[in-house]
Amino acid sequence: MLVSINWLKDYVNTQQLPPAELGEKITRSGIEVDAVIDRSHGMTNVVVGYVESCVKHPEADKLSICQVDVGEETAQIICGAPNIAEGQKVIVARPGAKLPGGIKIKKAKLRGEESNGMICSLQELGIEGKLVPKAYAEGIYVLPKDAETGSDVIANFNLDDTVLELGLTPNRADAMSMLGVAYEVGAILSEEVKLPEISYQESADTAASMLTLTVDAPEANPLYVAKVVRNIKVQESPMWLQQRLMAAGVRPHNNVVDVTNYVLMEYGQPLHAFDYDLLGTGNITVRHAKEGEMITTLDDAERKLSAHQLVITNGEKPVAIAGVMGGANSEVSDATTTVVIESAYFESGSVRQTSKDHGLRSDASSRFEKGVDPNRVIPAAERAAQLLSELAGGEVLSGSVVFDKVSKEEKIVKVSPDFINSRLGMKIAFEEMLDILNRLKFTTEAVNGQLVISVPTRRQDIQIPEDVIEEIARLHGYDEIPATLPEAETTPGGLTPYQAKRRIVRNFLEGAGLLQATTYSLTSEKSAKQFALEKTETTRLLMPMSEERSILRQSLLPHLLESVTYNTARRMDSVALYETGAVFLKGNDELLNEQEHLAVAITGLWLDNSWQGEKKPVDFFVLKGIVEALSAKLGVELTFERGQMDDLHPGRTAFVVLNGQRIGVIGQLHPSEQKARDLKTTVVMELNLAAILTLETEALVYTQVPRYPSMSRDVALVLSKFVEAATIENVIRSAGGKLLKDVRVFDLYEGDKMEEGKKSVAFSLTYFDPEKTLTDEEVTKAHEKVLAALTDVGAELRS
Amino acid sequence: MEAQLQELKTQALEKIAEASTVKELNDVRVAYLGKKGPITDLLKGMGKLPAEERPKMGALVNVVREEVTTQLEARMVLLEEEAINAKLQSETIDITLPGRPVKTGNAHPLTRVVEEIEDLFISMGYEVAEGPEVEKDYYNFEALNLPKGHPARDMQDSFYITEDVLLRTHTSPVQARTMEAKGGEPIKIICPGKVYRRDSDDATHSHQFTQIEGLVIGEDIRMSDLKGTLSVFAKKMFGDDREIRLRPSFFPFTEPSVEMDISCFKCGGSGCNVCKKTGWIEILGAGMVHPNVLEMAGYDSKRLTGFAFGMGPERIAMLKYGVEDIRHFYTNDVRFLSQFQRTEL
């Protein structure tokens, strides 16, 4: 809502407050002022000029040489506007003038001809192009003939004004009108509100003699008022009215349309004007549309109507979509002489639905949607009749044609002062409360210590005692509310074990050198299931904004890898990212099975100590090491089993297993996937983090630090290339007996000194007895059993 | 023989003095004191001397030998020290070379902000509550006093999956679920999480972003408690000298509703580009829980009251760290992410 302060002063005394200060007061008491706009934009030296003569520039087709009387003198000005003509009153920026956007006007020569100033369009005075009347949109603005030559344009044409741009919350529909804002300002400044005085000469003939009214949908349209004004002359509105509309963000058209818009802005009550003769039937019937019925609206769009939509008809065919937009078939034009002014109460839900159906939001529909004041419907019609008689020379037929079934009763809210104070945590005196309600123009009585408040229909947001608390608190001042802390029992607070462990996981990964990333949950059909541990039916949005963000992800890796590529494409060759977040699987009920996952993607060098010559590219085992250490940290036993997954290297992929369930995957990207993503060797991992974190871990009890030394023996084996280390380790462990404490691979050789198809693996075995120091014989005895078992399974001992 | 002995001694001491390395000195030792050396020879040759001269000569040889030994050892200490010094000298490194890199990662800036806020409220006795991102329309809207047909729940603004299921547009459904689960009992929670709205991504909008909301319900919870709590939050989060101001606002689930500004932490209130010359920065929305919301969750709104507040970690991170474009949080440029490593304490 744009509020011209000059206009506002018609209704309320603003106490000569500077606009910024007034804006601040409005903001602090409840309606946010988003901007304070100086309509003069600091302009100077802009005057009314009279074009005495206008001839074509000899050197330029599109330029005219004008002799312009600017009061003090007659100045030659070159003008490029197509609509410049002799005898016009125009806006002239004199040499030295300042215009919006830091433009300064200087004397100049244009194609050899001197130009002493500039003839201005409204756009050049800082008015948005879409607000400039169509006739002047492509050229200069032409002032009324009676504009005084040489006089100051800024002062005389309402440009020395400031506009407050209000950011209205949906509850404050009452402030979508100048009167509503006046009530608000009046309450803030303790000033009375002066309503427009409505009086005009009525014709002897009655409106009812020319127009009949039928309302067939009283639920959706409980109040309809029509006035008839004849013998009007459709023309441009006077300058003050045009300027007020432009200040309010409305484009002037002609006096009839402008009057309906002016009253809309003034009262917040949308009006519509029909050309009486084009209606043709002398009848208005309000009814629901017939399914498939057509109407061409004022924006020249042909629209198909549905049965739930409300229309205004002439008894035969639709002439307007109720509350949304008028029809082209009854539009007021320059030829119009008699108009029907409609002022109505259309039910908000009906207008909202219809406006949404047609994708049409207008100043009218946005007000009906939020509910207009039933007590302003009739005054707004009267105000329009008055203005049409004043500005269009119209003859207002006496009376109105009315259908009225609407309740205009005020809502009664009862609230006790103690309740107000206890909810606010402060003491506001009873008298002060009464004063505030009085300033708001809420009729208030004190009955048995209770406030009995009659809320004006313009404030439909006030329904319950809490609403009254807000009114009193905001006008008393939120600054006055003290700062206390809840007095209730203190509670311990804290994280759940799950949440605490999630933080431990994050800290661990960050300590291991990974950066935390955050990617989008919405993805494309193509990426939705890639790398998913558990593939379920995908979940698609009803109305996605793009295909790229249309499906809920089932794995974190596709987007995490996109982030890796983003970085490598910017020459950061080594990237190590992790992310924790939900994946979305089909669940058993209407909600999805949201699983918190952990994903890691690493590319480039894992070890990079360049000047010491230590460089190690990332590999499968970097991630396996991270998972192993993480499982130790969390006290859960994770094992690994060879596996395969699409887009991962078939020989370098393992599933992570927890209690027999596959809960994760580690692998190197398949070379073709790496190529597709423009990556070098990249390893990835994804774990079902929730499965790990929901496990309760056992209490930690220490085991005694060894008191006796352990002994180690090494064994090097020649094995077939396809025998896995873990298989051999198991053989060793089961043969080693209770003295064998640890088995560790310490060397692997697959080079050309080995026979084809063979590899050498060396294990270090640790023997230990917690009760005593082992003797060489005891260790040898145990170790020989191991060697025998190894020989049994075909391992060749290397000397 | 005595003269011979003296000559030997002089020679030996000269050689000792001349020796410039441990090895040379050892050669001298072998040459003069070794089994085949002249002094040993002299001792061996004593047998040829008359018996009465032997003790005198023996003593003399011993004196010479001891003196040579003493001198040699002294010289040895010196030379060894020199040798060590020379070795250390040769082992000097360029300490200006960079250290062996320690791999370090760090949390995402949004996690950093969220955890800071969580910890702050945990210290005030709050628990952290979480809920699903794909949510029922009921919890996301209806239970929060946003009945069907309410303008604020337009299909255009939310990502619906079915008519009754959508990606949550705020973390408030976690509050609704917690209230329902608590069955009328007092609550003190903070709810962080991802939320989604039908916005086109640009410098200030993101279709996915994070929120953190708080809810306190108890006996006699007052609006002054909300103000006090937010004031503690503002001071702990943005500095002890922060002031707060509340402005009236509107949310369907609170009444009265407020927006909270803090005095600008950059200029202190005198006006700068961070606060757009107003001295104040809008940080969060809050209010007293609407009686309809309490009643819908089975609370007796006459007996128990509450307050709720909500804020956007993106906005706070942008303000705190001067980040100009919200998309940075979702691009994962390591040159951006790795800047949020150091502590600010």
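On average, how many beta carbons from a partner chain sit within 10 Å of the beta carbon of a residue in A:519-532? Walk me through the numbers on the way to the answer.
Numbers: counts 4, 7, 8, 5, 0, 0, 0, 0, 0, 0, 0, 0, 0, 0.
For this peptide, the per-residue mean of nearby foreign Cβ atoms is 2.
Per residue, how large is the accessible surface of the stretch A:671-791? Use a 1.4 angstrom probe and give square angstrom. If you can, show how the numbers build up before the last one.
Working: 7550 Å² over 121 residues.
Per residue, the stretch A:671-791 has an accessible area of 62 Å².
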Cα-based convex hull, the stretch B:135-264, per residue volume (Å³, whole number): 130
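Averaged over peptide A:418-429, how many Cβ atoms belonging to another chain are found within 10 Å of each residue's Cβ?
Details: counts 0, 1, 0, 1, 4, 9, 6, 9, 4, 0, 0, 0.
Mean inter-chain Cβ contacts per residue within 10 Å come to 3.
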Lysine pairs meeting the criterion (Cα under 30 Å, 8 or more apart or interchain), as found in the stretch B:180-319: 27
Hits among lysines - C-alpha to C-alpha of B:LYS56 under 28 Å, sequence gap 8 or more where chains match: B:LYS9, B:LYS15, B:LYS35, B:LYS36, B:LYS44, B:LYS48
Rh by Kirkwood over Cα pairs, then Stokes-Einstein D for chain B at 1.002 mPa s and 20 °C, µm²/s: 79
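Per residue of the protein assembly as shown, what 222 nm ellipticity follows from adding -39500 (n - 2.57) for every DSSP H run with n ≥ 4, rounded to the nearest 500? Walk me through the numbers on the way to the answer.
Details: 33 runs with 347 residues, N = 1144.
The per-residue figure over the protein assembly as shown is -9000 deg cm²/dmol.
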Relative contact order of chain A, pairs being alpha-carbon contacts under 8 Å that are 6 or more residues apart, as %: 8
Dipole magnitude of the stretch A:251-319 about its Cα centre (Cβ charges: Lys, Arg +1; Asp, Glu -1), debye to nearest 20: 220
Cβ-defined net charge surrounding B:ASP201, 14 Å radius [Lys, Arg +1; Asp, Glu -1]: -1
C-alpha long axis of helix A:377-391 to longest principal axis of chain A, angle in °: 50
Within-9-Å neighbourhood charge of B:MET260 [Cβ basis; K, R +1; D, E -1]: 0
Unit charges at the beta carbon, dipole of the stretch A:1-83: most positive-side option, A:LEU63, A:VAL48, A:ALA20: A:ALA20
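Can you tell me the convex hull volume per residue for the stretch A:429-487, based on C-alpha atoms, in Å³ to the nearest whole number?
Working: hull volume 6.6 nm³, N = 59.
So the per-residue Cα hull volume is 112 Å³.
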Peptide A:588-594, shielding by other chains (average Cβ, 10 Å cutoff): 4
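Please work out whether the stretch B:207-266 counts as rounded, prolate or oblate from its C-alpha gyration tensor, where a ≥ b ≥ c are the square roots of the eigenvalues and a/c under 1.5 means rounded, while otherwise a/b larger than b/c means prolate and anything else oblate?
It is oblate, given that a/c is not under 1.5 and a/b is not larger than b/c.
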Lysines with Cα under 22 Å of A:LYS227, excluding same-chain neighbours fewer than 8 positions away: A:LYS317, A:LYS405, A:LYS408
Length-normalised contact order for the stretch B:82-197 - Cα pairs under 8 Å, 6+ apart - percent: 29
Ranking by accessible area, most exposed first, for A:HIS288, B:HIS108 with a 1.4 Å probe: A:HIS288, B:HIS108
Heavy atoms of A:GLU445 accessible to a 1.4 Å probe, total area in Å² rounded to 10: 120
Rounded accessible area of A:GLU548 (nearest 10 Å², 1.4 Å probe): 110
Cleavage-rule hits (trypsin sites (Lys or Arg not before Pro)) in the stretch B:124-174: DSSP loop, at most 11 neighbouring Cβ within 10 angstrom: B:LYS148
C-alpha long axis of helix A:348-357 to longest principal axis of chain A, angle in °: 70
Relative pair counts by distance (%), Cα atoms of the stretch B:5-54, 5 Å bins: 5, 20, 23, 21, 14, 8, 5, 3, 1
Around A:MET1: net Lys/Arg minus Asp/Glu count, Cβ-Cβ under 13 Å: -4
Reduced Cα scattering model of the stretch A:44-156, Debye log10 I(q)/I(0), q = 0.13 Å⁻¹: -0.43
GNM top mover of B:LEU146, B:LEU79, B:LEU215 - chain B, alpha-carbon springs below 10 Å: B:LEU79
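Report Rg(Cα)/(2.2 N^0.38 Å) for the stretch A:711-797, keeping two decimals. Write out the running numbers ahead of the final one.
On the way: Rg = 13.4 Å, N = 87, 2.2 N^0.38 = 12.0 Å.
Dividing the Cα radius of gyration by 2.2 N^0.38 Å gives 1.12.
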Accessible-area value, A:CYS54, 1.4 Å probe, nucleic acids and ligands omitted, Å²: 40
Radius of gyration and maximum dimension Dmax of the stretch A:563-698, Cα, Å: 16.3, 59
Percentage relative contact order, the stretch A:528-595, counting C-alpha pairs under 8 Å, at least six apart: 31
Acute angle (nearest 10 degrees) that the helix A:19-29 long axis makes with the longest principal axis of chain A, alpha-carbon atoms: 60
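How big is the shadow of the Cα convex hull of the stretch A:312-437, averaged over all directions, in nm²? Let's see the in-between values first.
Numbers: hull surface 50.5 nm².
Result: a mean projected hull area of 12.6 nm².
Send over the Kirkwood Rh of the protein assembly as shown, from the inverse of the averaged 1/r over different Cα pairs, rounded to one decimal Å.
Working: mean 1/r = 0.0264 Å⁻¹.
Result for the protein assembly as shown stands at 37.9 Å.
Return the loop-located GluC sites (Glu not before Pro) in the stretch A:631-682 (DSSP other than H, G, I, E, B) with at most 13 other Cβ atoms within 10 Å of their own Cβ; answer none if there are none.
A:GLU637
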Filtered chymotrypsin sites (Phe, Trp or Tyr not before Pro), the stretch A:621-659: DSSP coil and at most 11 other beta carbons within 10 Å: none
Partners for B:LYS148 among aspartates and glutamates (Cα-Cα distance below 12 Å; same-chain residues under 8 apart left out): B:ASP137, B:GLU163, B:ASP164
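The values are calculated or read from the model by the stated rules, or taken from the named source; none is laboratory data. For clarity, every value in this text was computed on a predicted model and none was experimentally measured. Neighbour counts run over all protein chains shown; Cβ positions are idealised from the backbone, glycine included. Accessible surface areas use protein heavy atoms only, side chains included; no ligands, DNA or RNA. Shrake-Rupley method; radii C 1.70, N 1.55, O 1.52, S 1.80 Å.
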